[in-house]
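What follows is one structure encoded as structure tokens, with my remarks underneath.
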Amino acid sequence: MLAYQMVGSNKLFSDIEFPIQNVTVEKIEKVFKLVEIEMSEVENLAGKARNLKDEKS
């Protein structure tokens, strides 16, 4: 799924609700691609974040 953020807005717009091809490119600030991942990948990312936090302390 794609989502995008317009310049000057905090709201995420879904490509399903309002297709990105209907938007003026200059008005798009960020584009996000949402993907499905396995729980083991989440756990690995959380572990890496904890390790980085510990290193900075």
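The values are calculated or read from the model by the stated rules, or taken from the named source; none is laboratory data. Note that the structure is predicted; figures quoted are calculated from it, not measured. Virtual Cβ from ideal backbone geometry, glycine too; neighbours counted across all protein chains shown.
Brief remarks on what is shown
- Residue pairs whose Cβ atoms lie under 9 Å apart, separated by 6 or more positions or on different chains, with the first residue in region 8-32 and surrounded by 11 or more Cβ atoms within 10 Å (Cβ to Cβ) and the second in a helix (DSSP H, G or I) and modelled with pLDDT under 95, are 13/20; 15/21; 28/20; 31/20.
- Search result, residues across region 33-45 that are of a type in the set (Gly, Ala, Ser) and surrounded by 10 or more Cβ atoms within 10 Å (Cβ to Cβ): none
- Filtered by the rule that a residue be of a type in the set (Gly, Ala, Ser) and either under 10 Å from residue 4 (Cβ atoms) or part of a helix (DSSP H, G or I) (or both), region 14-57 gives 14, 40, 46, 47, 49.
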